[in-house]
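Structure, as structure tokens:
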2 protein chains.
Amino acid sequence: MKIAIDAMGGDFAPESVIKGLNQAKKELQDTEFLIFGDETKIRELLEDEKNVTILPTTEIVDFHDDPLRVVKTKKDSSMVRAIHAVNSGEADAIVSAGSTGALLTAGLLQIGRIKKVERPGLLTTLPSTDGTGFDMLDLGANADNKAEHLRDYAILGSYYAQHVRGIKNPRVALLSNGSEESKGSQMIKEAHGMLKELDRQGLINFVGNTEARDILDGVADVIVADGFTGNAVLKAIEGTLSTVFKLLKSTIKNGNLKTKIGGILIKNDLSSLKSMGSSAGGGGSLWS
Amino acid sequence: MKIAIDAMGGDFAPESVIKGLNQAKKELQDTEFLIFGDETKIRELLEDEKNVTILPTTEIVDFHDDPLRVVKTKKDSSMVRAIHAVNSGEADAIVSAGSTGALLTAGLLQIGRIKKVERPGLLTTLPSTDGTGFDMLDLGANADNKAEHLRDYAILGSYYAQHVRGIKNPRVALLSNGSEESKGSQMIKEAHGMLKELDRQGLINFVGNTEARDILDGVADVIVADGFTGNAVLKAIEGTLSTVFKLLKSTIKNGNLKTKIGGILIKNDLSSLKSMGSSAGGGGSLWS
């Protein structure tokens, strides 16, 4: 397998991208990597160049670029070149931490979609209290979804949970405003029927509707949502976590001596709790 | 003004309802109260009976009752009788902490809507980090909204913030998947245009779109959302807060001696933080 890597995408590129690659190379001994970006910097950061081809590029797609135009305006960017590599068959997949909008649009225009999947969806793995985490999609690739799209997301999400996260028979739930089958918008009710049918056919393991209140408790391995609601829920989780930690910090900082000492004593434990926030936050900032 | 009170609605009724009334009576010296419920219990809990009429009822609407049928099946319930009092003109308004679905449906069937307001909306006041809080609606009275409903909610929410919370020229924001005007579903984009028009007419102070990530930071005094998304966002906030406090508690409980001592020292401060959670949770449980 050959993977095209956009080394220049994301806030801490190319450092974080190449550091990740160094780790991945240890596990994926048979995979070849085509790395697009600043050759000098990449070479400095790489631990070894086994199975690696560096392809120098001169431009970088950033968050200010109009997603619809990067294919034309930034032809020699690491992102567009990496996408082209998949399009031309030189690579089998692309990894990029750059602007999600640009990646989504350029990917759609250049590489296209899986046959019969009408709309792309954004998926992230979020942490849950039981430690297993869950995959949620769509997180905002679409502002208006149809029930058919959600049916596709159920299949894609289930496949991802099974083959990427190694979960057997992943439980798929549909995000609604109540756990009862009768709850939901017209579109969600229609999607519910389609997911039941997929379950009947043995294609997914559908466990019914779930509410946003329960998703962090690990009620399912895959949460299917329309892009508008999925986006709002992820951002609400992210905003709430950030608010709680801000308040906790200021409570301890502005507290009396007793509170301050208490704060110092539990500081390390709070950090580990906070990492939960970064997972959601990281997922969030990806597609903002 | 005469207010009808459903004394038997809610988890801690009639105690919490009458305790609240005892407090309210001190501020609202000129208001008359019609209290529907268990006469003996109400009399025991009331501090004084000035401006109070107790109207005994024999039934209680609970969360298992079918909202569509309570008007017929629980005619002598405190909720239905209190609603009838408004309908017949004996009272000007009703206060109930009972099943939101039942209150909404029975209220709609018996009392009806404000002229030109096509759909009722659920509103709650949520806490924000700047301490002022904000009103959000619709939180789930509707699963499918049209842009026109959101226009009505902007006016209703603005009026509420102004006249109930005393905020001058309240900032109204529209919940979307991005702060830019171009973001949103077709319906949200249409609603955006309508809110801009209301602002132009001087009817509301529209500050544009906001994302769920920022609402707890006090970006606006009123957040307008469609019922499906508003419901999901409120439940996501609620679920995240409950998850964080659960994790915090277990972190301290399962921690080493240092962590445990730290936990004891900051316990009181955590309780005050947690009250933020209950505000959201309380709002949440109302309409679940």
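Laboratory data are not the source of any read-out in this text; all were calculated from the coordinates shown. Nothing here was measured: the structure is a model prediction, and the numbers come from that model. Please note: Cβ atoms are built from the backbone with ideal geometry, for glycine as well, and neighbour counts cover all protein chains shown.
For region A:169-193, give me each residue that is more than 14 Å from A:Ala220 (Cβ to Cβ) and more than 14 Å from chain B (Cβ to nearest Cβ).
Within region A:169-193, A:Gly193 is the sole residue that qualifies.
Hey, does region A:59-66 have a residue that's touching a residue at least 40 places away in the same chain (Cβ under 8 Å) and surrounded by 14 or more Cβ atoms within 10 Å (Cβ to Cβ)?
Yes, region A:59-66 has at least one match.
How many residues are farther than 23 Å from A:Pro127 by Cβ and within 7 Å of chain B (Cβ to nearest Cβ) if we restrict to region A:232-251?
1
Which of (1) outside any loop (DSSP other than H, G, I, E, B); (2) within 14 Å of chain B (Cβ to nearest Cβ) is the odd one out, the single condition A:Leu122 does not satisfy?
(1) is the only condition that A:Leu122 fails.
Among the residues of region B:1-54, count how many are part of a loop (DSSP other than H, G, I, E, B) and among the polar types (S, T, N, Q). Can you show your working first?
Applying the first criterion (part of a loop (DSSP other than H, G, I, E, B)) to region B:1-54 yields B:1, B:7-14, B:28-31, B:38, B:46-51.
Applying the additional criterion that residues be among the polar types (S, T, N, Q) yields B:29, B:31, B:51.
Qualifying residue count for the region: 3.
One line per residue, one yes/no per condition, for (1) without any contact (Cβ under 8 Å) to a residue 12 or more places away in the chain; (2) over 20 Å from B:Ser99 (Cβ atoms); (3) surrounded by fewer than 19 Cβ atoms within 10 Å (Cβ to Cβ):
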| residue | (1), (2), (3) |
| --- | --- |
| B:Ala7 | no, no, no |
| B:Ala13 | no, no, no |
| B:Asn22 | no, yes, yes |
| B:Arg43 | yes, yes, yes |
| B:Leu46 | no, yes, no |
| B:Thr53 | no, yes, yes |
| B:Ser77 | no, no, no |
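Go through region B:242-269 and count every residue that is under 36 Å from the mean Cα position of the chain (by Cα), surrounded by 14 or more Cβ atoms within 10 Å (Cβ to Cβ), farther than 17 Å from A:Thr251 by Cβ and of a type in the set (Gly, Ala, Ser).
Of the residues in region B:242-269, 1 are under 36 Å from the mean Cα position of the chain (by Cα), surrounded by 14 or more Cβ atoms within 10 Å (Cβ to Cβ), farther than 17 Å from A:Thr251 by Cβ and of a type in the set (Gly, Ala, Ser).
Residue by residue through region A:24-41, note down the ones that are loosely packed, with under 14 Cβ neighbours inside 10 Å and among the charged types (D, E, K, R).
Residues of region A:24-41 loosely packed, with under 14 Cβ neighbours inside 10 Å: A:26-27, A:29-30, A:40.
Correct list: A:Lys26, A:Glu27, A:Asp30.
Determine which single condition B:Asn231 fails, assuming it passes every other condition in (1) closer than 17 Å to B:Asn177 by Cβ; (2) over 18 Å from the mean Cα position of the chain (by Cα); (3) of a type outside the set (D, E, K, R).
Of everything listed in (1) closer than 17 Å to B:Asn177 by Cβ; (2) over 18 Å from the mean Cα position of the chain (by Cα); (3) of a type outside the set (D, E, K, R), B:Asn231 misses just condition (2).
Here are A:Gly121, A:Gly166: which of them is buried (at least 21 other Cβ atoms within 10 Å of the Cβ) and within 19 Å of the chain's Cα centre (by Cα)? Steps first, answer last, please.
On the way: A:Gly166 fails: buried (at least 21 other Cβ atoms within 10 Å of the Cβ).
So the residue among A:Gly121, A:Gly166 that is buried (at least 21 other Cβ atoms within 10 Å of the Cβ) and within 19 Å of the chain's Cα centre (by Cα) is A:Gly121.
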